[in-house]
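The structure appears right after this line, and notes come after that.
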Amino acid sequence: MSNRLAGQTVLVLGGRHLGAAIAEAATDEGAKVRVASHRPGGLHIDLRDEATIAAAAAEHGPVDHLVNTAAAPHAARVGELDRDKTVDAFAAKVIGPLLLAKHFTIRRSLLLFSGQVGWRPAPGSVVTGVTNGAAAFAAQHLAAELAPVRVNALSPGIVDSGVWDSKPDVLANAAKRTLAGRTGTVADITGTVLWMLNAGFLTGETIHLEGGRP
């Protein structure tokens, strides 16, 4: 611990897996952390519902850093797309973050989560790919809109965060495709997030944390 975030407030959207780990890591660095989710138990924010975003912003007040880990993947080929699931995917990665920027007073930084599929088109990944790519563009444009508040995106590869516990073959195959020879870890993600929150000259950028996958 180095208390890099001492005296600062951090709001993390998404209280499971990576969101929970980021919240814990920021707390260990001295931040006052609050987790928001559409599930009961925390600050209520449903990125599909602007009213909940506005109400949460009014309740919470200004934040130093806001981290959005929310995702609503929809893996389907174009001919099988479900409209509502597609809209939810865009709400989590694109529309919701824009509304967060609209309603929350952010003092230092906004961090969005993208993902490697945005740069690797494949059948069945069109919604996930487009929304992840759009998150990177959102970071660029919001950085210009909100300056001097810094806005960046983090694009991880496959991470052993608990999501793939029931599919160990996914982790094994992903590890073979990286130059690092392994999949990402939760510590890889939290360490990079903490650096990005403190990197005062980093804005409008997307950091690819993919183990050097070609």
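The values are calculated or read from the model by the stated rules, or taken from the named source; none is laboratory data. Since this is a predicted model, take the numbers as computed values, not measurements. With ideal geometry, Cβ positions are generated from the backbone for all residues, glycine too; neighbour counts draw on all protein chains shown. In case anyone asks, the SASA skips ligands and DNA or RNA and just uses the protein heavy atoms, side chains included. Shrake-Rupley method; radii C 1.70, N 1.55, O 1.52, S 1.80 Å.
A compact globular protein would have a Cα radius of gyration near 2.2 N^0.38 Å; the ratio found for the range 90-213 is 1.10.
Under 30 Å of direct C-alpha separation, and excluding same-chain neighbours fewer than eight residues apart, Lys102 reaches these lysines: Lys32, Lys85, Lys93. Taking only the Cα atoms of the range 5-93, the radius of gyration and Dmax are 14.7, 50 Å.
Sparsely packed loop sites in the range 75-130 (the trypsin sites (Lys or Arg not before Pro) outside DSSP H, G, I, E and B with at most 13 other Cβ atoms within 10 Å) comprise Arg77.
For Phe113, the amide hydrogen comes within under 5 Å of the amide hydrogens of Asn68, Leu154, counting only partners 5 or more places away or on other chains and with H modelled in the peptide plane. Among the trypsin sites (Lys or Arg not before Pro) in the range 1-73, none sits in a DSSP loop with a Cβ that has at most 12 other Cβ atoms within 10 Å. Full extension of the chain segment joining Val163 with Leu146 gains 2.8 nm, where the gain is 0.36 nm per residue of separation less the Cα-Cα distance. In units of the rule-of-thumb radius 2.2 N^0.38 Å, the chain shows an alpha carbon radius of gyration of 0.98. Using a Gaussian network model of the chain in which every pair of alpha carbons under 10 angstrom is joined by a spring, one finds that among Pro62, Pro148, Pro97 the greatest mean-square fluctuation is at Pro148. Cα centroid distance between the range 142-208 and the range 77-126, in Å? The two parts, judged by their Cα centres, are 15 Å apart. Its relative contact order, with pairs defined as Cα atoms under 8 Å and 6+ residues apart, puts the chain at 18 percent. If you build a Gaussian network model of the chain, linking Cα atoms that sit under 10 Å apart, which residue out of Asp46, Asp188, Asp165 swings the most? Of Asp46, Asp188, Asp165, the most mobile in the Gaussian network model is Asp165.
Measuring only protein heavy atoms, the 1.4 Å probe finds His38 accessible over about 90 Å². Lys176: which lysines have alpha carbons under 18 Å from its alpha carbon, excluding same-chain residues fewer than 8 sequence positions away? Reachable lysines: Lys167. GNM remark for the chain: springs join alpha carbons under 10 Å apart, and the peak mean-square fluctuation among Leu197, Leu66, Leu99 falls on Leu99.
Think of the chain as having a plus end and a minus end, set by charges on the Cβ of Lys, Arg, Asp and Glu; of Leu179, Leu5, Phe90, Leu179 sits farthest toward the positive end of this dipole. For the chain, the solvent-accessible area works out to 49 Å² per residue, with a probe of 1.4 Å and every protein chain left in place. For Ala36, the residues whose modelled amide H falls within less than 5 Å of its own, excluding neighbours fewer than 5 places apart on the same chain, are Val12, Leu13, Gly14.
A simple charge model with +1 on the Cβ of Lys and Arg, -1 on the Cβ of Asp and Glu and nothing else charged puts the dipole of the range 1-160 at about 220 debye relative to its Cα centre. The slack in the chain from Arg182 to Arg39, taken as 0.36 nm per residue of separation less the alpha-carbon distance, amounts to 48.2 nm.
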